[in-house]
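The values are calculated or read from the model by the stated rules, or taken from the named source; none is laboratory data. In this text, all values refer to a predicted model and were calculated from it rather than measured experimentally. Reconstructed Cβ throughout: ideal geometry from the backbone, glycine too, with neighbour counts over all protein chains shown. These accessible areas exclude ligands, DNA and RNA; they are computed on the full protein's heavy atoms, side chains included. Shrake-Rupley method; radii C 1.70, N 1.55, O 1.52, S 1.80 Å.
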Amino acid sequence: MTEIVQRTLIVLKPDAVQRGIAGELLGRFERRGLRFAALRLVTVERALAELHYAVHKGKFFYEDLVKTISASPVVAAVLEGPNAIAVVRAMVGATRPHEAAPGTIRGDYALVGLRNLVHASDAPETAAAEIALWFPEGPIAYTRDVERWMTDEGAPS
Ligand code: CDP
Ligand code: MG
């Protein structure tokens, strides 16, 4: 079966960078087999935070959310691979860390919602919009030789 290759945006929020686990979290995605298509340390201005969280405008936690993501640099990345959007969401875990399963990032490292370490796109449309917002120059396309051992590309049909 040929799986659909997708790109998704992740943001390792200020708590991940401040706690010194940004590299460790990136390593989880890398070990899973996903490929970096873009990667950058970003100081989040209020304008970017507002655009990124526009869908939550008006909600009770919106102001805290915008302030929290702007408080300190973040690591933004585009991850690419078969079913990347669902794979990454599953690895990140439930929004509220006390509901996140062990084995997920939030279930293994986080305790409260505003300190849940990572943002991940939730659908193809939001992934495309978020990638364009955070990486206006576009992701970098390339292949790795190991891909054929992890994807349908090299699997016997
Ligand atoms: O990040 P995710 O897609 O799982 O959750 P969301 O519903 O898109 O909410 C965005 C972020 O707002 C969450 O990751 C939390 O940091 C925060 N949030 C919160 O603090 N309290 C809530 N009740 C809902 C979300
Ligand atoms: Mg969300």
Residue pairs within 7 Å by beta carbon, gap of at least six or interchain, first lying in the stretch 116-133 and outside any strand (DSSP E or B), second open to solvent by less than 60 Å² (accessible area, probe 1.4 Å) and near ligand 1 (Cβ under 9 Å from one of its atoms), listed first then second, are 116/106; 117/13; 117/106; 127/121; 130/121
The listed residue being among the basic types (Lys, Arg), in contact (Cβ under 8 Å) with a residue 12 or more places away in the chain, farther than 30 Å from residue 155 by Cβ and part of a strand (DSSP E or B), out of 40, 106:
40
From the set of residues in the stretch 45-57 that are within 15 Å of ligand 2 (Cβ to nearest atom) and not in a helix (DSSP H, G or I), which is nearest to residue 22 (Cα to Cα)?
53
Collect the residues in the stretch 92-127 that are within 8 Å of ligand 1 (Cβ to nearest atom), over 18 Å from residue 32 (Cα atoms) and open to solvent by less than 50 Å² (accessible area, probe 1.4 Å), keeping them in residue-number order.
94, 113, 116
Give just the number: which of (1) within 15 Å of ligand 2 (Cβ to nearest atom); (2) in a loop (DSSP other than H, G, I, E, B) does residue 111 not satisfy?
(1)
Would a scan of the stretch 69-83 turn up a residue that is of a type outside the set (Gly, Ala, Ser) and part of a helix (DSSP H, G or I)?
yes
Look through the stretch 134-157, keep the residues that are of a type in the set (Phe, Trp, Tyr) and either in contact with a Lys or Arg (Cβ under 6 Å, 6 or more places away or on another chain) or part of a helix (DSSP H, G or I) (or both), and return whichever of them is nearest to residue 23 (Cα to Cα).
134
Can you spot a residue in the stretch 61-79 that is loosely packed, with under 14 Cβ neighbours inside 10 Å, within 30 Å of residue 145 (Cα to Cα) and at pLDDT 95 or above?
no
